[in-house]
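Everything below concerns the one structure shown next.
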Amino acid sequence: MPGPGLTESQTSERLPPRGEADPTRLLVVAMVLAAGFLLWETRGQTMLFDEWSFFADYRGHSPSILLNPFGDNLEIVPILIYKTVFALFGPASIALRLITVALNLTCAGLFYVLMRRRVGGWIAFAAASLLMVLGAAADVVGASLGIAIMTAVACGLGALIALERGDQRGDRIACLLLIGALASNSIGLPFAVGAAVLVVFSGPRPRAGRWWVAGAPLLLYGIWRLWSLHLDPLGPLAAHPTDITLANIGTLPTSIADSLADAVLSITGLYTQPGIAARTFSTDFGPPLAVAVVAALVLRIRRGPALDRRVLAYAAMPLAYWAAIALVASDRTPSVSRYQYGGAILLLLLSAELARDVRIAPRLQAAIVAALLISAAPNAYNIHASSELLRQNARMDRAEMAAIEIAGDRVPYDLLVEPIGGRFDRSTPALFSGGQLTPLSDALIAAGRYRSAVAAFGSPAYSESELDASPAEARAAADAELAAALGPHLVPVSGPLRDCHRRTSAGPGTIELPVPPGGVAIRVAAGGTATLSLRRFGDSYSIPAGTVAGGSALELRLPADGSSRAWGAQLAYSGRVEVCAP
Amino acid sequence: MTGERDPRARWALAAVMVAAAALLLWLTRTETFFADEWNFLVGYPDWSPGTLLHPNSGNLIAAPAVLYKTMTAVFGADDYLPFRLLWVGLDLLSAGLFYSLTRRRVGDWIALAPTTLLLFFGASWEVFGGPLGITILMAVAAGLGMLLCLERGDRAGDAGAAVLLALSIATYTIGLAFAVGAVVELAVGRGREGWRRAWVIAAPLLLYGAWRAWAAKYGGTDVGFSDVLTLPGSVANSMAAVCAAISGSFRDPVNSGLALHTEGGRVFAVLLAGIVVWRLFGPAGRAVDRRVWIFVAMPLTYWALIGANLGPLRTPDASRYLYGGAVFVLLLLTQLYAGTRLGRRGYAVLAVALAFCLLGNLANLRDASRFLRDNGDENRGELTALELAGPGRVDRNLLVEPLTGAITPLEDMAFFAGPYFDAFAGEPSPAYPPAELPRRPEHVRVRADIELVRAFALTPVPAPPTAALGACLTFAPNPVPGTRAFRVAPGGFTVRGAAITGIALRRFGDEFAATLSPPPPGQAELVAIPADRSPLPWYAQVTTSAPVTICPA
């Protein structure tokens, strides 16, 4: 028996009024425009965060590699996608961007289908158009990093559509797609939960015999989860153990409320800060908007027509998703960019399900369509602002990778290419602070593994000529990487000095000199001092090599590497110094 | 579009207006010109069209420029009272016009509540703290008058509307929001007839467009790509700021001050948006007069204009933007609830709500006027110092108040000394008479000392070898470092020491607040101080860690 206010599920679909235009063709136009916009905005990007790990750490095809959790996610489908792309096209191709855009359009198309059945074509069109440029989730829609999440969402949306067929074929397809969703990213879980609720509470056939539609994928996922507990993480990026604590459980209501607020902000575009031309996620308007959404929900339940039982499934999905975010480690805050994509989709689907049997007056429909399309503007702008930052970061990454390749065998195998809080000021990563770019510590991979992956798939790094032509901050990053890889420093002289040139300065003085292949030695007379700094590709002498005290002599020997470019040195000294060949 | 009529309400409005006028005049006692008003006095040196039409931060402000020049010519700049009276008059006029518009919709008594709030709208302290608000009040009054004229629906009304719209646009950019309201009025109000009346709007807008094209060479607007794309966020922030201002929830509950807090305003903004959506699209939506779109269009246009041209001093919550926003929001609400009748309980709720809204606004009026009185006092002290130095000695390019980024004292006199002297050559100026300065409070005298040192460009320079070193005093600090204060002989002094770390001067103030750069060690340095119209002597203070010799110049 249906519960109070709930009715047995119908397969009703909102049909357009007679004479109303079908916006499907317009959606295709919007898709073409969105594809062009996104391909343009993602130009100049390279791999980011997880993708570096897929490139360098997830090597081989054994089950322990493919099924190894990435930050507690089962991501075998995206890992296989990346492996295929790396093998066929290399890591620097446009293929990843094309796949990202294709997945984005697929999600939008499937979302459109689900929305149209509930709220009609025009609102569905506007919502799908917004979804394609949902800049609040710029890490997902504006970078190939989003492949895993969008693969899972596409499978999840496809599963919901398949379930709505209400036949055995639909069930089988839904089951396979749910497996695909769960094997792509943990955002597949809420879709599986939603599917389970749909099967249990709705549907035209006896439900007991359909448990496997969602049960089998969830069972497989559970088995994988238990099995994967014994696996060691593949690299520092992949290591992010789930940390469900009592504190996290205690803050569940708050976190869910925050997630709801953030989803509303993403949909309305009200997360932008006036006058700030960088990507930000201001939650100022979140709480009142969340309260307004809850008030609208209460109003809908009390005043509107009886709800279809399917609403339970569509309510379960965002709740499951936000609860999952709340329960894992506390550094995964609800306002993080990658959570906005799923949050917005699931909230819009719930809203559409609630509005299924509500008569939407044409004026209100026009207002909703206008609001969603207007919201696309700040969201698209956020993709633009985010892409600027990602391109800057890519220039740094590619320069650092070039330095690793130049240093060759001399780089310690386990040297992290970009350690957190490392050679630059990486304490405030730009992507999350919204401020000016400081190089992001996204390439947390071992240099040795990187070099091995380059040998297998090709290089994403700058060539030396590209490095020479790159911006000053990228060349400085390459110098810093070389310094970390080679560790140039002054050591006691090992033999007699020759070809000495003497300099004397009563006060502070500086000398700039190229470092010859054999190195350079510095002798300082008693009472003086000399400090040596180096550069190679950068404009400034940013690599400290050491200080020579008065009355002593030290030498610098630089190993040969993959570049013929000479090192430059700057000697800041006082007193009498001699620069010699060692 | 009818409301309850009751002649007693007008008497009540008159009483509130009298109270508002008295309060505003009393609060602004001893104030002087502030911020953009200085620009009217100094930055518009003649009556040529090129000068009067010159944009101010991208705004056409020809009408207030003419007004200020006329007022200054008639009353002089030494008397601020005429400006204060005009400002209060415009507040009353604007409120009266607002009342006329809203009483037609919600009745005499309900309309009294928002009108009363607008009369004391302290959240918008740049408008209600003093006559700086003349510009915005004039533009709003003209715009409201235009709406009233349009509602007449006859030729005389149309002619009046065209003139008032032109005046509003020529006064401040908020006039454009009224123009959009007028466009919607003609579009939704009377069908085909509306197009025949299009000249009412077209003429002022064409004139504005011509001005805009002409003024493009001056720049000043900064419409940004990112600002336009993120308009929803800035419009929402503007709405939140206005809602905070109307509700009186903008004050910091712990610290006094003029900063606007919009946390509560965001809640009210979402509530307002919900009310608007419910009234427009809810079950009763069809019953709402189509003219409501006029009152939807005006605030959205206004906030979009603000949001498209953001800058460090042009944020959505800037206090000068709040008055216009509040007028538009209150007009929208009264239009949405046109025809509403209240019972006794309803009026009681309305009275309590009004009292709640007034509390914060009245407190802000008090704080703003206090701040502006102090600031005005300091401004007049600085100008007195400038005039004591005289046009012959002061660098014409000296910025009267340098922009240091400090909040207090506010650097609102951002003009150069040369144009100031030109503007008031032979005319009464806002400065104090020199004899008045010693009687002002210490903070004013300190500002005067600092300004005088800047005006004379006092700084130690190497003393000529021929400088007479008679009647010198030697000071050996113990313990070190130590300070020695002394009266400066006419003409200045020379100073020599191995470790002088600071030299400071005072004249009108009790505090050595005007600091000079310390001289190099061991070198005799001259601090030459020119004579001026004040007989008061200078005092100096030297801070040193080694013996120092000080001699009259």
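In region B:203-224, how many are of a type in the set (A, V, I, L, M) and within 14 Å of another protein chain (Cβ to nearest Cβ)? Lay out the reasoning, then the answer.
Initially, region B:203-224 is screened for residues of a type in the set (A, V, I, L, M), giving B:203, B:205-207, B:210, B:213, B:215-216, B:223.
After this cut, where a residue has to be within 14 Å of another protein chain (Cβ to nearest Cβ) as well, the list is B:223.
Of the residues in that region, 1 qualify.
Scanning for something without any contact (Cβ under 8 Å) to a residue 60 or more places away in the chain and either surrounded by 24 or more Cβ atoms within 10 Å (Cβ to Cβ) or over 16 Å from the mean Cα position of the chain (by Cα) (or both), does region B:124-131 turn up at least one residue?
No - not one qualifying residue is present in region B:124-131.
I'm trying to understand the selection: among the residues of region A:523-538, which are over 14 Å from A:ALA566 (Cα atoms) and not in a strand (DSSP E or B)?
Once the filter is applied, which keeps residues that are over 14 Å from A:ALA566 (Cα atoms) and not in a strand (DSSP E or B), region A:523-538 yields A:ALA525, A:ALA526, A:GLY527, A:GLY528.
So which residues in region A:487-522 are among the small types (Gly, Ala, Ser) and either in contact (Cβ under 8 Å) with a residue 12 or more places away in the chain or assigned to a strand (DSSP E or B) (or both), if there are any at all? Please lay out each step first, then the result.
The initial filter retains those residues of region A:487-522 that are among the small types (Gly, Ala, Ser), namely A:487, A:494-495, A:505-507, A:509, A:518-519, A:521.
A:SER494, A:GLY495, A:SER505, A:ALA506, A:GLY507, A:GLY509, A:GLY518, A:GLY519, A:ALA521, listed by residue number.
Out of the residues in region B:274-291 that are more than 12 Å from every other protein chain (Cβ to nearest Cβ) and in contact (Cβ under 8 Å) with a residue 60 or more places away in the chain, state the one that is farthest from the chain's Cα centre (by Cα).
For region B:274-291, the residue satisfying everything is B:ASP289.
Mind telling me which of the residues A:THR242, A:THR268 ends up being within 23 Å of the chain's Cα centre (by Cα), of a type outside the set (A, V, I, L, M, F, W, C) and modelled with pLDDT of 95 or more?
On the way: A:THR242 fails: modelled with pLDDT of 95 or more.
Of A:THR242, A:THR268, the one residue that is within 23 Å of the chain's Cα centre (by Cα), of a type outside the set (A, V, I, L, M, F, W, C) and modelled with pLDDT of 95 or more is A:THR268.
Suppose the filter is assigned to a loop (DSSP other than H, G, I, E, B) and either under 15 Å from the mean Cα position of the chain (by Cα) or aromatic (Phe, Trp, Tyr) (or both); does A:TYR58 pass it?
Working: assigned to a loop (DSSP other than H, G, I, E, B): yes; either under 15 Å from the mean Cα position of the chain (by Cα) or aromatic (Phe, Trp, Tyr) (or both): yes.
Yes.
Which of the following residues is surrounded by fewer than 21 Cβ atoms within 10 Å (Cβ to Cβ), out of contact with any His (no Cβ under 8 Å at 6 or more places or on another chain), modelled with pLDDT of 95 or more and among the charged types (D, E, K, R): A:ARG205, A:ARG172?
On the way: A:ARG205 fails: modelled with pLDDT of 95 or more.
Only one candidate passes the filter, namely A:ARG172.
Considering each residue of region B:299-330, count those that are assigned to a helix (DSSP H, G or I) and over 24 Å from B:LEU119 (Cβ atoms), and give that number. Full working, then the answer.
At the first step, the residues of region B:299-330 found to be assigned to a helix (DSSP H, G or I) are B:299-307, B:319-330.
After this cut, where a residue has to be over 24 Å from B:LEU119 (Cβ atoms) as well, the list is B:300-301, B:304-305, B:307.
Residues that pass the stated criteria total 5.
Kindly list the number of the only condition in (1) surrounded by fewer than 16 Cβ atoms within 10 Å (Cβ to Cβ); (2) modelled with pLDDT of 95 or more; (3) within 14 Å of chain A (Cβ to nearest Cβ) that fails for B:PRO312.
(2)
Name the helices (runs of 4 or more DSSP H) wholly within region A:75-136 that hold at least 1 residues that are over 28 Å from A:LEU347 (Cβ atoms)? Before the answer, list the steps.
Working: elements: A:76-89, A:95-119, A:121-132.
The helices (runs of 4 or more DSSP H) meeting that bar are A:76-89, A:95-119.
In region B:187-202, is there at least one residue being within 14 Å of chain A (Cβ to nearest Cβ), of a type outside the set (Lys, Arg) and either more than 30 Å from A:TYR271 (Cα to Cα) or under 24 Å from the mean Cα position of the chain (by Cα) (or both)?
Residues of region B:187-202 that are within 14 Å of chain A (Cβ to nearest Cβ), as a first pass: B:188.
Still in the running and of a type outside the set (Lys, Arg): B:188.
Still in the list and also either more than 30 Å from A:TYR271 (Cα to Cα) or under 24 Å from the mean Cα position of the chain (by Cα) (or both): B:188.
Yes.
Let me confirm something: among B:ALA210, B:ALA244, B:ALA203, B:ALA215, which residue is more than 27 Å from B:LEU330 (Cα to Cα) and in contact with a His (Cβ under 8 Å, 6 or more places away or on another chain)?
Details: B:ALA210 fails: in contact with a His (Cβ under 8 Å, 6 or more places away or on another chain); B:ALA244 fails: more than 27 Å from B:LEU330 (Cα to Cα); B:ALA203 fails: in contact with a His (Cβ under 8 Å, 6 or more places away or on another chain).
Step by step, each of B:ALA210, B:ALA244, B:ALA203, B:ALA215 is checked, and only B:ALA215 is more than 27 Å from B:LEU330 (Cα to Cα) and in contact with a His (Cβ under 8 Å, 6 or more places away or on another chain).
Where residues in region A:102-140 are buried (at least 23 other Cβ atoms within 10 Å of the Cβ) and among the β-branched types (Val, Ile, Thr), which of them is farthest from A:ALA453 (Cα to Cα)?
For region A:102-140, the residue satisfying everything is A:VAL119.
Using beta carbons and a limit of 7 Å, which pairs, at least six apart or on different chains, have the first residue in region A:289-313 and facing chain B (nearest Cβ under 9 Å) and the second one hydroxyl-bearing (Ser, Thr, Tyr) and assigned to a helix (DSSP H, G or I)?
These pairs meet every condition: A:LEU289/A:THR268.
Condition (residue is in a loop (DSSP other than H, G, I, E, B), surrounded by fewer than 18 Cβ atoms within 10 Å (Cβ to Cβ) and out of contact with any Lys or Arg (no Cβ under 9 Å at 6 or more places or on another chain)) applied to region B:267-274: is it met by at least one residue?
To start, the set of residues in region B:267-274 that are in a loop (DSSP other than H, G, I, E, B) comprises none.
Scanning region B:267-274, I find no residue that is in a loop (DSSP other than H, G, I, E, B), surrounded by fewer than 18 Cβ atoms within 10 Å (Cβ to Cβ) and out of contact with any Lys or Arg (no Cβ under 9 Å at 6 or more places or on another chain), so the answer is no.
Can you find even one residue in region B:406-415 that is β-branched (Val, Ile, Thr), farther than 29 Å from B:ALA259 by Cα and assigned to a loop (DSSP other than H, G, I, E, B)?
The answer is no, given that none of the residues of region B:406-415 is β-branched (Val, Ile, Thr), farther than 29 Å from B:ALA259 by Cα and assigned to a loop (DSSP other than H, G, I, E, B).
Any idea which of B:ARG341, B:ARG366, B:ARG380, B:ARG373 is outside any helix (DSSP H, G or I) and touching a residue at least 60 places away in the same chain (Cβ under 8 Å)?
Working: B:ARG366 fails: outside any helix (DSSP H, G or I); B:ARG380 fails: outside any helix (DSSP H, G or I); B:ARG373 fails: outside any helix (DSSP H, G or I).
Going through B:ARG341, B:ARG366, B:ARG380, B:ARG373 in turn, just one is outside any helix (DSSP H, G or I) and touching a residue at least 60 places away in the same chain (Cβ under 8 Å): B:ARG341.
Within region A:378-389, is there a residue that is surrounded by 17 or more Cβ atoms within 10 Å (Cβ to Cβ), of a type in the set (Gly, Ala, Ser) and away from every other protein chain (no Cβ under 14 Å)?
Looking for residues that are surrounded by 17 or more Cβ atoms within 10 Å (Cβ to Cβ), of a type in the set (Gly, Ala, Ser) and away from every other protein chain (no Cβ under 14 Å), one finds none in region A:378-389, hence no.
Among the candidates B:VAL140, B:VAL180, B:VAL184, which residue alone is at pLDDT below 95, of a type in the set (Val, Ile, Thr), within 33 Å of the chain's Cα centre (by Cα) and part of a helix (DSSP H, G or I)? Give the steps one after another, and end with the answer.
Values: B:VAL140 fails: at pLDDT below 95; B:VAL180 fails: at pLDDT below 95.
Within the list B:VAL140, B:VAL180, B:VAL184, the selection yields B:VAL184.
Give the number of residues within region A:518-561 that are surrounded by 20 or more Cβ atoms within 10 Å (Cβ to Cβ) and either among the charged types (D, E, K, R) or in contact with a Phe, Trp or Tyr (Cβ under 6 Å, 6 or more places away or on another chain) (or both).
7
Any chance you could count how many residues in region B:225-273 are within 13 Å of another protein chain (Cβ to nearest Cβ), β-branched (Val, Ile, Thr) and free of Cβ contacts under 8 Å to residues at least 60 places away in the same chain?
3
Considering region A:123-163 alone, what residues qualify as being within 12 Å of the chain's Cα centre (by Cα) and among the β-branched types (Val, Ile, Thr)? Walk me through how you get there before you give the answer.
We begin by selecting, within region A:123-163, every residue within 12 Å of the chain's Cα centre (by Cα); these are A:137-150.
Within region A:123-163, A:VAL140, A:VAL141, A:ILE147, A:ILE149 qualify.
In region B:491-518, how many are assigned to a loop (DSSP other than H, G, I, E, B) and within 41 Å of the chain's Cα centre (by Cα)?
Kept after step one, since they are assigned to a loop (DSSP other than H, G, I, E, B), are these residues of region B:491-518: B:498-499, B:507-513, B:517-518.
Applying the additional criterion that residues be within 41 Å of the chain's Cα centre (by Cα) yields B:507-513, B:517-518.
Total meeting the criteria: 9.
Here is a check on your reading of the model: is A:ALA320 surrounded by fewer than 22 Cβ atoms within 10 Å (Cβ to Cβ) and within 28 Å of the chain's Cα centre (by Cα)? Step through it out loud before you land on a result.
Working: surrounded by fewer than 22 Cβ atoms within 10 Å (Cβ to Cβ): yes; within 28 Å of the chain's Cα centre (by Cα): yes.
Against the criterion (surrounded by fewer than 22 Cβ atoms within 10 Å (Cβ to Cβ) and within 28 Å of the chain's Cα centre (by Cα)), A:ALA320 qualifies.
Tell me yes or no: at least one residue of region A:337-354 is touching a residue at least 40 places away in the same chain (Cβ under 8 Å) and either in a loop (DSSP other than H, G, I, E, B) or within 13 Å of chain B (Cβ to nearest Cβ) (or both).
no
The values are calculated or read from the model by the stated rules, or taken from the named source; none is laboratory data. Because the structure is a prediction, the values reported are computed rather than measured. Every residue, glycine among them, receives a Cβ derived from its backbone with ideal geometry; neighbour counts consider all protein chains shown.
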